[in-house]
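The structure under discussion appears below in the form of structure tokens.
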Amino acid sequence: MSNTSKLFFIMAFTILACSCNRHVVSSSKVGDWNSIELSKSTITFSKKGGTATVEAKNYTSWWINNICITGTDNYYYADPGNDRSFLSAKGDGISARIGDRKNTVIITVDPSSGEKRSWDVNMQAGNAFTCIHVIQKR
């Protein structure tokens, strides 16, 4: 095989290999996660409070980042637990915990004396994030 043929073969192989690698990288981008689909994105409670469960429909597990009092910078961060699994968070008038089915979160709101309150329960699955808005009416 002549040097020209070898050079042509090496160049053709390199171009082919690079084009294949580019395709693989573009089809599986780092951080390219589907949005979390929720069974409910807003939960409303009466002043009596109560409990509701929300499911991540397209993920098998997720965790709690925090609970925020809506419209403020007041956050109640999730308890990391011994294994850093972030399965529960608790704040003034509200608590959240991951259910037995790891793709559910159980949100409990305490009874209120009549003031309207609202929180955002911030959830994460991999690099996908979502917020469940919780409202307690008067």
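The values are calculated or read from the model by the stated rules, or taken from the named source; none is laboratory data. Computed from a prediction, not measured in an experiment: that's the story for all the values here. For neighbour counting, all protein chains shown are included, and Cβ atoms are generated from backbone atoms with ideal geometry for every residue, glycine included. Heads up: the accessible areas ignore ligands, DNA and RNA and are worked out on the full protein's heavy atoms, side chains in. Shrake-Rupley method; radii C 1.70, N 1.55, O 1.52, S 1.80 Å.
Data for the structure
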{"item": "Within-10-Å neighbourhood charge of SER88 [Cβ basis; K, R +1; D, E -1]", "result": "+1"}
{"item": "Built amide H within the under 5 Å cut-off of ASN65, gap 5+", "result": "ASN122, MET123, GLN124"}
{"item": "Segment 117-129 - phi-based ³J(HN,Hα) in whole Hz, Karplus 6.51/-1.76/1.60, Gly and Pro as x", "result": "10, 8, 9, 10, 9, 9, 10, 8, 9, x, 9, 10, 10"}
{"item": "Whole-Å distance, taken between Cα centres, linking segment 42-76 and segment 84-100", "result": "9 Å"}
{"item": "Whole-Hz couplings from phi, Karplus 6.51/-1.76/1.60, listed for segment 87-104; x for Gly and Pro", "result": "8, 8, 8, 8, x, 4, x, 8, 9, 9, 8, 6, x, 4, 7, 4, 9, 10"}
{"item": "Heavy atoms of GLU115 accessible to a 1.4 Å probe, total area in Å² rounded to 10", "result": "80 Å²"}
{"item": "Neighbourhood charge, 13 Å Cβ-Cβ cut-off, centred on ASP110 and excluding it, Lys, Arg +1 and Asp, Glu -1", "result": "+2"}
{"item": "Qualifying aspartates and glutamates (Cα of each under 17 Å from Cα of LYS48; at least 8 residues distant if same chain)", "result": "ASP92, ASP110, GLU115"}
{"item": "Residue list for segment 41-77, given a label point 7 angstrom along the Cα-to-Cβ vector of SER113 and an amide N cut-off under 18 Å", "result": "47-49"}
